[in-house]
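Following: one structure in structure tokens, then a few remarks.
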Amino acid sequence: MSGAEEAGGGGPAAGPAGAVPAGVGAGAGVGVGAGAGASAGPAAALGEAAGPGIPDEAGLAGARQLQEAAGDSDAPPKKRLRAAETAEAAAAAAAAAGSGKLEERLYSVLCCTVCLDLPKASVYQCTNGHLMCAGCFIHLLADARLKEEQATCPNCRCEISKSLCCRNLAVEKAVSELPSECGFCLCRFPRSLLERHQKEECQDRVTQCKYKRIGCPWHGPFHELTVHEAACAHPTKTGNELMEILDEMDQSHRKEMQLYNSIFSLLSFEKIGYTVVSPKLACASVCHNCV
């Protein structure tokens, strides 16, 4: 038998007795180690307690976990790329949904206990910490004064007044940072910037023609204002036509002032009384008059 045949290992009996375990150990170490490395990649190095090329059970478990996290290694590259993009999109959607839920929770926490809406200006709180917007707070005080009663918090019924209640600046700042939607362009801005955007910056805000002083009734989005003013017919009207328009405007202004003065004089009384009439008494008086 030649040296080549001895090196090839025709059988276990062909070589010396000590060559058999060495050959088996080398073949097992190379075969198993290479197979694990090809299938698991870098995970084959996680656990090699049994030998230099044979990973133990913990190493195989770690390799399987990394395979599941990275996706199927036998899949085409495009498929793995699509799976990764899908996972990123799902994570972004979950983050967006979480932020929306947080806004809803903050809305329910920071809203006014009377009108259940987010305050637009000052925020007052009673001695127990219940929040009230400035409008509802003033309304409660005025209503109690008309009824000659002590104003109370609608939530805990403790006494409230300008001296007992104080402003909550932390809540005011938190509300100003919450996002809100523009009523014209439907874009979202922090509440502290929304008013300026709606009055000065929004291209869809409702505006009026600069010739409204001489009777032009047009109003529309800001981005159409230039086109309208270039084609507005009011600057070309004659003096008599403009005088008629101005007379009508003066009459409507006088009616508005009369209504305003009557309401103002009514609210200037020190005490305003009211009488509750039941429907039965009202019906009886009407029937008696009819008879």
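For the reader, a short list of remarks on this structure follows.
- Summed side-chain charge close to S180 - residues other than S180 whose Cβ falls under 11 Å, Lys, Arg +1, Asp, Glu -1: -1
- The calculated FRET efficiency for the pair F269 and A134, based on their C-beta separation and a Förster distance of 30 Å, comes to about 0.75.
- Cβ-derived FRET efficiency at R0 41 Å, Y260 paired with C185, nearest 0.05: 0.75
- Remark: the N240-E149 segment gains 26.9 nm on full extension, using 0.36 nm per residue and subtracting the alpha carbon distance.
- Quarter of the Cα convex hull surface for the range 205-274, i.e. its orientation-mean projected area (nm²): 7.2 nm²
- Rounded FRET efficiency, nearest 0.05, which uses the C-beta distance separating L141 from K173 and R0 of 35 Å: 0.90
- For T152, the residues 5 or more places off, or on other chains, whose built amide H falls under 5 Å of its own are I160.
- Using distinct alpha-carbon pairs, which all enter the 1/r mean, Kirkwood radius of the range 132-272 in Å: 20.3 Å
- Environment charge of L193, counting only residues whose C-beta is closer than 13 Å and scoring Lys/Arg +1, Asp/Glu -1: -1
- Taken one residue at a time, the phi angles of the range 203-210 give Karplus couplings (6.51, -1.76, 1.60, θ = phi - 60°) of 7, 9, 5, 6, 9, 10, 5, 6 Hz. Gly and Pro are set to x.
- Placing a label point 7 Å from the Cα of R157 along the Cα-to-Cβ direction, the residues of the range 117-135 with a backbone N closer than 19 Å are 126-131.
Every number here is computed from the coordinates shown, using simple stated rules; none is lab data. Keep in mind that this is a model prediction, so the values were computed, not measured. Here Cβ is always computed from backbone atoms with ideal geometry, including for glycine, and neighbour counts include all displayed protein chains.
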